[in-house]
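Engineer: One structure, as structure tokens, below. Some questions next.
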Amino acid sequence: CRFCSIVIPVCQKILQFASAQDYKAPESWYLALLGFAEHFRTSSPPKIRLCVHCLQAVFQFKPPQRVEARTHLQLGSVLYHHTKNSELARSHLEKAIPQFEDVKFEAASLLSELYCQQNLVDSAKPLLRKAIQISQQTPYWHCRLLFQLAQLHTLEKDLVSACDLLGVGAEYARVVGSEYTRCCYLDLLLMERKLGEVHPLLTLCGTIVENWQGNPIQKESLRVFFLVLQVTHYLDAGQVKSVKPCLKQLQQCIQTISTLHDDEILPSNPADLFHWLPKEHMCVLVYLVTVMHSMQAGYLEKAQKYTDKALMQLEKLKMLDSSPILSTFQVILLEHIIMCRLVTGHKATALQEISQVCQLCQQSPRLFTNHAAQLHTLLGLYCISVNCMDNAEAQFTAALRLTTHQELWAFIVTNLASVYIREGNRHQEVRLYSLLERINPDHNFPVSSHCLRAAAFYIRGLLSFFQGRYNEAKRFLRETLKMSNAEDLNRLTACSLVLLGHIFYVLGNHRESNNMVVPAMQLASKIPDMSVQLWSSALLKDLNKALGNTIDAHEAAQMHQNFSQQLLQDHIAACSLPEHNLISWTDGPPPGQFQAQNGPTTSLASLL
């Protein structure tokens with residue numbers, strides 16, 4: 001085998017050399033094997049099997065205890081980061097833990113990550129607590145281990161404990177004189193705060209970042225961290241227009257940091273070695289928040305462009321790095337682009353990407369735990385797009401059962417209410433009014449998101465329209481328009497305009513209807529939103545007939561026919577995919593196999 005032909009002759013020569021030297025220079029054979037291991041690890045493509053064999057060969061020399069402990073750590077690290085042999089990685093890391101200080105903290109850090117990946121959080125927490133207790137004289141590892149334990153508490157939704165630990169980390173960094181690491185911890189604290197509680201911390205962190213003088217890469221890293229948090233807080237608040245200056249600064253900042261070299265002078269304070277994220281991961285993260293902004297604003301082609309860039313970068317990174325955060329980035333990117341595809345009329349592609357998210361979640365129990373509610377929400381949105389309303393209700397109900405995130409909860413409830421409104425089933429009226437009361441935009445709306453509150457007004461308007469209460473519907477929709485125009489929420493604006501246009505058409509006010517539908521069509525074409533284009537073209541056809549504009553009516557009819565054909569073809573393609581059976585999955589882990597469909601389950605006529 002290749003291993004025998006390459007590694008064994010090398011090891012034999014090393015052994016001969018070691019025998020000749022009578023073990024007087026143990027570092028010679030050790031460094032030689034380490035060199036070969038590193039060469040194989042960094043080869044393109046990496047030769048991980050040969051790297052592991054070189055490291056295992058170290059044990060044949062009966063090395064000193066310190067070398068043995070570090071080799072167990074190196075083997076555990078390589079196996080954890082580059083293979084799926086988690087049990088062997090765990091075995092090596094556990095052997096490294098009781099040893100020397102320069103080994104045990106790194107081993108504890110890696111082992112806790114591995115435990116979390118295996119959903120063994122209860123094993124990770126005591127390991128980290130013990131390491132934190134004995135690492136106070138080692139600033140870098142003390143800061144990193146505190147950060148990891150705070151992350152674990154966040155995963156378990158124990159935000160009080162997470163914030164306490166981050167506060168301890170910030171104070172420790174202050175005591176050891178590391179303003180850089182203190183600011184990292186304060187930024188981390190921002191992540192755990194509710195929207196209404198972040199402004200004092202944002203101000204403090206912003207001041208520290210701007211005043212801090214030090215390593216250029218560290219300064220830009222802090223600025224990226226701070227700006228990412230600012231952007232995500234704006235997006236959580238649904239403030240798509242207000243966030244633009246921060247997002248522009250963030251994009252400029254990541255361009256700056258990508259031009260800086262990593263071979264700057266190392267900081268003299270060990271606590272300053274703490275990094276919140278590698279530079280390459282930051283680039284993906286900036287792409288990700290840009291996609292989030294583009295999707296909320298309704299710039300869906302831009303969202304597609306940045307998703308493609310981010311996924312390409314992720315693919316390159318995952319060849320050399322199996323860090324769990326990369327899979328998390330990938331899932332969040334897919335979640336956003338799936339919603340974009342459902343809007344642009346690419347349901348079949350969206351369904352295949354939902355299946356891709358399922359596969360990623362199957363590989364990581366923790367990833368599935370964190371994204372199960374989002375996965376069922378995406379399936380609910382897909383079900384709406386193919387008019388499988390019973391399945392949509394089941395998917396949204398499953399998602400509500402699995403989430404404790406307030407903004408996601410409000411998003412799910414809003415979409416579930418739209419399902420009940422469309423079905424118009426009297427048996428569901430009690431449920432519908434119960435939901436509407438919980439997302440009443442006029443009184444005690446449960447979240448501070450501008451976008452979700454505007455959407456709640458739209459849902460009220462939609463219900464009033466179906467019930468024939470047109471004046472009430474107009475009031476709600478005008479409120480939606482006011483809010484969506486204030487923050488450039490283009491999809492909500494387009495939906496509100498076309499529904500207002502429909503109301504004016506029903507009331508016989510054709511001129512006013514036309515004034516609503518024409519800009520709705522223009523905006524929907526810009527997004528592009530296939531459903532609003534279909535709806536608008538149908539209204540324009542009838543409006544122009546009523547107004548005696550024969551040529552315009554014919555053009556609108558032709559547009560409507562084209563949109564109908566595109567939607568029909570996509571509908572048939574999606575419902576014929578074996579992945580369409582995912583709409584029946586509402587409990588447990590995602591299914592691994594899918595049976596092929598015989599054909600579409602609903603006609604396009606029912607969608608219109």
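Engineer: Would it be correct to say that Asn119 is on the phi > 0 side of the Ramachandran plot and either of a type outside the set (Lys, Arg) or touching a residue at least 24 places away in the same chain (Cβ under 8 Å) (or both)? Before the answer, list the steps.
Structural biologist: Numbers: on the phi > 0 side of the Ramachandran plot: yes; either of a type outside the set (Lys, Arg) or touching a residue at least 24 places away in the same chain (Cβ under 8 Å) (or both): yes.
Against the criterion (on the phi > 0 side of the Ramachandran plot and either of a type outside the set (Lys, Arg) or touching a residue at least 24 places away in the same chain (Cβ under 8 Å) (or both)), Asn119 qualifies.
Engineer: What are the residues in the range 547-564 that are under 19 Å from Gly508 (Cβ atoms) and exposed (fewer than 15 other Cβ atoms within 10 Å of the Cβ), if any?
Structural biologist: Across the range 547-564, the qualifying residues are Leu547, Gly548.
Engineer: Taking the range 344-358 only, how many residues are touching a residue at least 60 places away in the same chain (Cβ under 8 Å) and either open to solvent by 20 Å² or more (accessible area, probe 1.4 Å) or over 16 Å from Ala574 (Cα atoms) (or both)?
Structural biologist: 4
Engineer: Still on this structure: Give the range 164-203 a look and list any residue that's modelled with pLDDT under 75, within 23 Å of Asp272 (Cβ to Cβ) and either open to solvent by 50 Å² or more (accessible area, probe 1.4 Å) or touching an Asp or Glu at 6+ places or on another chain (Cβ under 7 Å) (or both), or say none.
Structural biologist: Within the range 164-203, Met191 is the sole residue that qualifies.
Engineer: Which residues, taken from the range 35-59, are part of a helix (DSSP H, G or I) and farther than 18 Å from Leu88 by Cβ?
Structural biologist: Here is the first cut: in the range 35-59, the ones part of a helix (DSSP H, G or I) are 35-41, 48-59.
Once the filter is applied, which keeps residues that are part of a helix (DSSP H, G or I) and farther than 18 Å from Leu88 by Cβ, the range 35-59 yields Gly35, Phe36, Glu38, His39.
Engineer: Test each condition in (1) open to solvent by 10 Å² or more (accessible area, probe 1.4 Å); (2) out of contact with any helix residue (DSSP H, G or I) (no Cβ under 8 Å at 6 or more places or on another chain) for Met516 and report the one that comes out false.
Structural biologist: (2)
Engineer: Kindly establish whether Leu229 is in a helix (DSSP H, G or I), within 30 Å of Leu342 (Cβ to Cβ) and open to solvent by 20 Å² or more (accessible area, probe 1.4 Å).
Structural biologist: no
Engineer: Quick one: which residue in Thr369, Thr377, Thr349 is modelled with pLDDT under 95 and on the phi < 0 side of the Ramachandran plot?
Structural biologist: Result of the check over Thr369, Thr377, Thr349: Thr369.
Engineer: Can you spot a residue in the range 426-436 that is within 29 Å of Ser242 (Cβ to Cβ) and either part of a helix (DSSP H, G or I) or without any contact (Cβ under 8 Å) to a residue 40 or more places away in the chain (or both)?
Structural biologist: Yes, the range 426-436 contains a residue that is within 29 Å of Ser242 (Cβ to Cβ) and either part of a helix (DSSP H, G or I) or without any contact (Cβ under 8 Å) to a residue 40 or more places away in the chain (or both).
Engineer: To continue, here is another question. For Ser268, all conditions in the list (1) part of a helix (DSSP H, G or I); (2) open to solvent by 30 Å² or more (accessible area, probe 1.4 Å); (3) of a type in the set (Gly, Ala, Ser) hold save one; what is the number of the exception?
Structural biologist: Failed condition: (1).
Engineer: For the range 437-452, which residues satisfy the criterion of being in a loop (DSSP other than H, G, I, E, B) and of a type in the set (Asp, Glu)?
Structural biologist: Asp442
Engineer: Filter the range 368-404 down to the residues that are open to solvent by 40 Å² or more (accessible area, probe 1.4 Å) and touching a Lys or Arg at 6+ places or on another chain (Cβ under 9 Å), then identify the one that is farthest from Gly588 (Cα to Cα).
Structural biologist: Out of the qualifying residues, it is Asn387.
Engineer: Sticking with this one: Sort out for me the helices (runs of 4 or more DSSP H) sitting completely within the range 67-141 that have 2 or more residues that are touching a Phe, Trp or Tyr at 6+ places or on another chain (Cβ under 6 Å) and not hydrophobic (A, V, I, L, M, F, W, C). Show your work before the answer.
Structural biologist: Values: elements: 86-96, 101-117, 121-134.
It comes to none.
Engineer: Evaluate the range 565-585: report whether one residue or more is among the charged types (D, E, K, R), modelled with pLDDT of 50 or more, within 29 Å of Arg366 (Cα to Cα) and open to solvent by 60 Å² or more (accessible area, probe 1.4 Å).
Structural biologist: no
Engineer: Name the residues in the range 89-130 that are under 13 Å from His72 (Cβ atoms) and within 24 Å of the chain's Cα centre (by Cα), would you?
Structural biologist: Leu110
Engineer: Do we have any residue at all in the range 255-262 that's farther than 30 Å from Pro528 by Cβ and in contact with a Phe, Trp or Tyr (Cβ under 6 Å, 6 or more places away or on another chain)?
Structural biologist: no
Engineer: Tell me, please, whether a residue that is free of Cβ contacts under 8 Å to residues at least 12 places away in the same chain and within 30 Å of Cys451 (Cα to Cα) can be found in the range 155-175. Spell out the reasoning first.
Structural biologist: Here is the first cut: in the range 155-175, the ones free of Cβ contacts under 8 Å to residues at least 12 places away in the same chain are 158, 160-161, 164, 171, 174-175.
The next check asks that each one be within 30 Å of Cys451 (Cα to Cα); those that pass are 158, 160.
There is at least one residue in the range 155-175 that is free of Cβ contacts under 8 Å to residues at least 12 places away in the same chain and within 30 Å of Cys451 (Cα to Cα).
Engineer: Select from the range 232-253 the residues that are β-branched (Val, Ile, Thr) and either part of a loop (DSSP other than H, G, I, E, B) or open to solvent by less than 20 Å² (accessible area, probe 1.4 Å) (or both) and list them in ascending order.
Structural biologist: Within the range 232-253, Val240, Val243 meet the criteria.
Engineer: Here's something else I'd like to know. Checking His376 against (1) outside any helix (DSSP H, G or I); (2) under 19 Å from the mean Cα position of the chain (by Cα), which single condition isn't satisfied?
Structural biologist: Exception for His376: condition (1).
Engineer: Looking at Glu106, Glu101, which one is at pLDDT below 85 and within 26 Å of Ser268 (Cβ to Cβ)?
Structural biologist: Just one listed residue meets the conditions, Glu101.
Engineer: Looking at the range 220-255 only, could you name the residues that are without any contact (Cβ under 8 Å) to a residue 12 or more places away in the chain and within 15 Å of Pro278 (Cα to Cα)?
Structural biologist: The one that is without any contact (Cβ under 8 Å) to a residue 12 or more places away in the chain and within 15 Å of Pro278 (Cα to Cα): Gln255.
Engineer: Answer yes if at least one residue in the range 505-526 is among the polar types (S, T, N, Q), within 18 Å of Val240 (Cα to Cα) and modelled with pLDDT of 95 or more, and no otherwise.
Structural biologist: no
Engineer: Among the candidates His153, His92, single out the residue that is modelled with pLDDT under 90 and farther than 18 Å from Pro270 by Cα. Don't jump to the end; show me each part of the working.
Structural biologist: Values: His92 fails: modelled with pLDDT under 90.
Only one candidate passes the filter, namely His153.
Engineer: Okay, moving on. So how many residues does the range 295-314 have that are touching a residue at least 24 places away in the same chain (Cβ under 8 Å) and assigned to a helix (DSSP H, G or I)?
Structural biologist: Adding up the residues that qualify gives 11.
Engineer: Is it the case, given these coordinates, that Ser161 is over 18 Å from His275 (Cα atoms), out of contact with any Leu (no Cβ under 7 Å at 6 or more places or on another chain) and open to solvent by less than 40 Å² (accessible area, probe 1.4 Å)?
Structural biologist: Criteria met by Ser161.
Engineer: Determine whether Ala96 is closer than 30 Å to Phe445 by Cα and open to solvent by less than 50 Å² (accessible area, probe 1.4 Å). First the steps, then the outcome.
Structural biologist: Values: closer than 30 Å to Phe445 by Cα: no; open to solvent by less than 50 Å² (accessible area, probe 1.4 Å): yes.
Answer is no for this residue.
Engineer: While we're on this one: Working carefully through the options Val498, Val447, find the one that is modelled with pLDDT under 95 and either more than 30 Å from Pro245 (Cβ to Cβ) or open to solvent by less than 20 Å² (accessible area, probe 1.4 Å) (or both).
Structural biologist: Result of the check over Val498, Val447: Val447.
Engineer: Checking Tyr433 against (1) aromatic (Phe, Trp, Tyr); (2) open to solvent by 80 Å² or more (accessible area, probe 1.4 Å); (3) within 27 Å of Leu235 (Cβ to Cβ), which test does it fail?
Structural biologist: (3)
Engineer: Moving on to the next point. Look at His81 and say whether it is open to solvent by 10 Å² or more (accessible area, probe 1.4 Å) and within 29 Å of Ala162 (Cβ to Cβ).
Structural biologist: yes
Engineer: Separate question: Would you mind telling me which numbered condition in (1) closer than 27 Å to Cys283 by Cβ; (2) hydroxyl-bearing (Ser, Thr, Tyr); (3) touching a residue at least 60 places away in the same chain (Cβ under 8 Å); (4) in a helix (DSSP H, G or I) Ser322 fails?
Structural biologist: Failed condition: (4).
The values are calculated or read from the model by the stated rules, or taken from the named source; none is laboratory data. These numbers come from a predicted model, not from an experiment. We place every Cβ from the backbone using ideal geometry, glycine too, and count neighbours over all the protein chains shown. SASA here: full protein model, heavy atoms, side chains in, ligands and nucleic acids out. Shrake-Rupley method; radii C 1.70, N 1.55, O 1.52, S 1.80 Å.
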